[in-house]
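Taking it in order: structure first as structure tokens, then the write-up.
The values are calculated or read from the model by the stated rules, or taken from the named source; none is laboratory data. Note that the coordinates shown come from a computational prediction; the quantities given were computed from them, not determined experimentally. Areas reflect the complete protein model, heavy atoms only, side chains present, ligands, DNA and RNA absent. Shrake-Rupley method; radii C 1.70, N 1.55, O 1.52, S 1.80 Å.
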Amino acid sequence: MVSSRRLDSVAAIAEALDHLVALDPRLAPVRAVAGDVAPRITEPGFAGIAKVICGQQVSVASASAIWSRFAALDGALDPLRYLDLSEEAVRSVGFSGSKYRTVRAIAEAMANGTLDFAHLETLPVTDAVAYLVAHKGIGPWTAEVYLMFCAGHPDVFPAGDLALLKAVAHGLGLDARPTIKDMIGLATAWAPHRSAAALLFWRYFAVLRDKEGIAL
């Protein structure tokens, strides 16, 4: 079941990071570089997963701009009303054809009762990921990011995220970027605070990316 320990404030994340650094002292210098780590909680359900899909494979700035236009479409944030939107209308705001179809498949699954986000939040994380990826167009990254940002799960690490793979390699001084399989193994040591670890490394990546002369 999803824990009540939502990472919904700087203080809550800081507390989780205290535990995390105690588990793995190698993360202390990563935390020192990252500084305060802000929460990234967003609305659950249809709107939440649509927002996660919107952010796939685009920059944060691009995702924000596209999402603003998408959310302004009449009916876009309601699964039943989304089904009435044309592909042309949705793609006009910046969604790709595949993202339009994925969100439509989610809306259809909600309409026919095969995707229930209230039920999802009662499941252990492994089962919750499996429940989501059983639906067309939802992969592990989408499922894991949804569970982190929308369901507030404290123990998820999206091991397929390129920024996280780069940040972990740099932060831990690894000889090479870990594979997804390797990353899953590394992150196991950070349970039950893997979501805090992911937030930490995303922040670390952002800080280093913005510093002149440091590339990941």
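Numbers for the structure displayed
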{"item": "Space enclosed by the convex hull of the alpha-carbon atoms of region 111-200, per residue, Å³", "result": "95"}
{"item": "Residue-averaged [θ]222 nm for the chain, counting only DSSP H segments that reach four residues, each worth -39500 (n - 2.57)", "result": "-17000 deg cm²/dmol"}
{"item": "Length-normalised contact order for the chain - Cα pairs under 8 Å, 6+ apart - percent", "result": "28"}
{"item": "Gyration tensor (alpha-carbon) shape descriptor, region 13-135, a/c threshold 1.5", "result": "oblate"}
{"item": "Amide hydrogen neighbours beyond the local backbone of T42, cut-off 5 Å, H modeled", "result": "C150"}
{"item": "Correct option for mean projected area of the Cα convex hull in nm² [calculated from the coordinates] among (1) 11.9; (2) 14.1; (3) 12.8", "result": "(1)"}
{"item": "S98 - accessible surface, heavy atoms, 1.4 Å probe, Å² rounded to 10", "result": "60"}
{"item": "Residue-level accessible surface for R91, protein heavy atoms, 1.4 Å, Å²", "result": "120"}
{"item": "Carbon and sulfur %, accessible surface of the chain computed with the full protein complex present, 1.4 Å", "result": "55"}
